[in-house]
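Engineer: Starting off with a structure, shown below.
None of the figures in this text is laboratory data; all of them are computed from the coordinates on show. Note that the structure is predicted; figures quoted are calculated from it, not measured. For neighbour counting, all protein chains shown are included, and Cβ atoms are generated from backbone atoms with ideal geometry for every residue, glycine included.
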Amino acid sequence: MLALLGPTASGKSAAAMALAGRFPVEIISVDSVQVYRGMDIGTAKPGRDERARVAHHLIDVIDPTEAFSAARFAAEAARLIGEIAGRGHVPLLAGGTMLYFKALREGLSRLPEADPAVRAALEAEAAAAGWPALHRELARVDPATAARLQPNDAQRVQRALEVFRVSGRPLSALLAAGTAADTGAAAPAGMFGRDAVGSAPATEDWLVMALLPGERARLHERIAVRFDAMLEGGLVEELAALRTRYALDPAMPSMRAVGYRQAWEFLDGRMSRDALRDRGVYATRQLAKRQLTWLRSTRGLTCIEALDARAPERVIDTAASYLAARGAAG
């Protein structure tokens with residue numbers, strides 16, 4: 001069982017394809033936005049040639065009008081791991097949605113289900129006063145959660161306040177108490193023990209590699225170059241086509257994704273092209289910061305310098321040692 005994690009623009013896709021060129025792996029995407037059909041440019045989704053050469057899973061699963069939970073990811077990834085292993089191949093989890101990986105590896109905390117009425121009230125309050133005002137409210141009732149969220153992180157601020165208003169308890173307290181469950185769907189509790197049948201191997205048998213940048217400034221340069229390439233590749237045009245094809249709303253999880261959120265505002269005439277570029281780069285850097293924070297708190301990582309030109313080779317060497325020790329090098 002292999003996992004390859006890292007912040008955005010750290011080179012995960014290239015390293016995963018390099019692994020696939022050496023070992024009989026099938027890739028399970030750990031990406032909360034690549035699950036959406038039609039959202040290709042802004043997610044750096046693997047191209048047709050790559051997907052023809054190597055089996056990729058949990059890509060293009062749902063329409064952008066739908067939602068995809070961490071619990072659903074955990075259940076589907078566990079099923080895929082068993083199926084891939086049954087074919088004599090090596091499952092490779094690759095991506096940067098750390099909550100998804102945590103859900104698969106550790107289970108999820110028990111949280112209340114979504115409440116449409118509370119969400120609608122929060123949306124109305126945000127429309128009147130702005131998300132920073134709701135962030136200040138969150139800081140009063142749940143300072144631990146507010147401290148790790150940006151004032152304009154609408155999706156997470158809304159969810160944290162929703163949890164508090166529904167349960168009367170801070171999200172941070174519920175997460176600390178956590179057992180395996182999810183909002184609105186049962187999590188696959190107990191799937192990772194050695195007595196589990198037909199599911200993922202015990203987590204102590206996983207090799208979890210993390211591509212981490214030694215210099216944050218160089219990662220920021222990569223992020224800017226990649227976002228510019230997305231704009232030149234037609235990110236705005238892709239979103240415009242999606243808005244024509246689907247009944248989309250900017251509050252939907254898919255449209256809150258980095259890049260798409262800024263492109264939406266540009267299409268609505270609320271920012272210039274230069275502002276779209278600058279805010280998109282900034283939002284992507286903030287995403288990378290959150291991903292790195294998750295990774296620093298993740299146990300059992302084998303860290304590899306992401307900015308090293310030989311990073312894919314080092315990933316291959318690390319995986320080769322792990323697989324050879326288990327008689328699965330192929």
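Engineer: Amide H neighbours of Val25 under 5 Å, at least 5 residues apart or on other chains, H built in the peptide plane: list them.
Structural biologist: Val90
Engineer: Just to be sure I understand the curve: with the Debye formula and one point per C-alpha of segment 198-330, what is log10 I(q)/I(0) at q = 0.09 Å⁻¹?
Structural biologist: Values, matching the q order: -0.42.
Engineer: Still on this structure, please answer the following. Please order Lys102, Lys289, Lys12, Lys45 by the number of other Cβ within 10 Å, starting at the fewest.
Structural biologist: Values: Lys102 17, Lys289 14, Lys12 25, Lys45 21.
So the residues, fewest neighbours to most, are Lys289, Lys102, Lys45, Lys12.
Engineer: Calculate the tail of P(r) for the chain: the fraction of all Cα-Cα distances greater than 25 Å, expressed in %.
Structural biologist: Values: 28898 of 54285 pairs.
Summing the P(r) of the chain above 25 Å gives 53 percent of all pairs.
Engineer: Residue by residue through segment 275-291, what is 3J(HN,Hα) from phi via Karplus (6.51 cos²θ - 1.76 cosθ + 1.60, θ = phi - 60°)? Round to whole Hz and write x for glycine and proline.
Structural biologist: Coupling constants for segment 275-291: 5, 4, 5, 5, 6, x, 5, 4, 5, 5, 5, 5, 4, 4, 4, 5, 4 Hz.
Engineer: Now, a different point. Please turn the phi angles of segment 151-157 into ³J(HN,Hα) values with the Karplus equation 6.51 cos²θ - 1.76 cosθ + 1.60 (θ = phi - 60°), one per residue in order, whole Hz, x for glycine and proline.
Structural biologist: Computed from phi, the couplings for segment 151-157 are x, 9, 7, 4, 4, 6, 5 Hz.
Engineer: What are the residues whose amide H is under 5 Å from the amide H of Cys303, where those residues sit 5 or more places off or on another chain and H is modelled from the backbone?
Structural biologist: Ala210
Engineer: Over segment 116-177, what per residue volume does the convex hull of the Cα atoms give, in whole Å³?
Structural biologist: On the way: hull volume 4.3 nm³, N = 62.
Once divided by residue count, the hull of segment 116-177 is 69 Å³.
Engineer: Calculate, axis by axis, the spread of Cα positions in segment 31-175 along the three principal axes, and write the results as whole Å, longest axis first.
Structural biologist: 52, 31, 26
Engineer: Same structure, new question: Give the long-range amide H neighbours of Gly130: residues separated by 5 or more places, or on another chain, with amide H under 5 Å away, using H modelled in the peptide plane at 1.01 Å from N.
Structural biologist: none
Engineer: So what is the calculated 222 nm ellipticity per residue for the chain, using -39500 (n - 2.57) for each DSSP H run with n of 4 or more, over all residues, to the nearest 500 deg cm²/dmol? Mind showing how you got there, number by number?
Structural biologist: Details: 14 runs with 170 residues, N = 330.
Estimated from H runs of four or more residues: -16000 deg cm²/dmol.
Engineer: Contact order normalised by length for segment 116-177, with contacts defined as Cα pairs under 8 Å and 6 or more residues apart; what percent is it? Please report the intermediate quantities before stating the final value.
Structural biologist: Working: 57 pairs, mean separation 19.6, N = 62.
Computed over segment 116-177, the figure is 32 percent.
Engineer: Residue by residue through segment 309-316, what is 3J(HN,Hα) from phi via Karplus (6.51 cos²θ - 1.76 cosθ + 1.60, θ = phi - 60°)? Round to whole Hz and write x for glycine and proline.
Structural biologist: Whole-Hz 3J(HN,Hα) from phi for segment 309-316: 4, 9, 4, x, 5, 5, 4, 4.
Engineer: For segment 216-289, just the Cα atoms, rotate onto the principal axes and tell me the three extents in Å, largest first.
Structural biologist: 39, 22, 20
Engineer: Next question. Once you compute Rg and the Kirkwood Rh from C-alpha atoms, what is the Rg to Rh ratio for segment 256-321?
Structural biologist: On the way: Rg = 17.3 Å, Rh = 14.6 Å.
Reported Rg/Rh, Kirkwood definition of Rh: 1.19.
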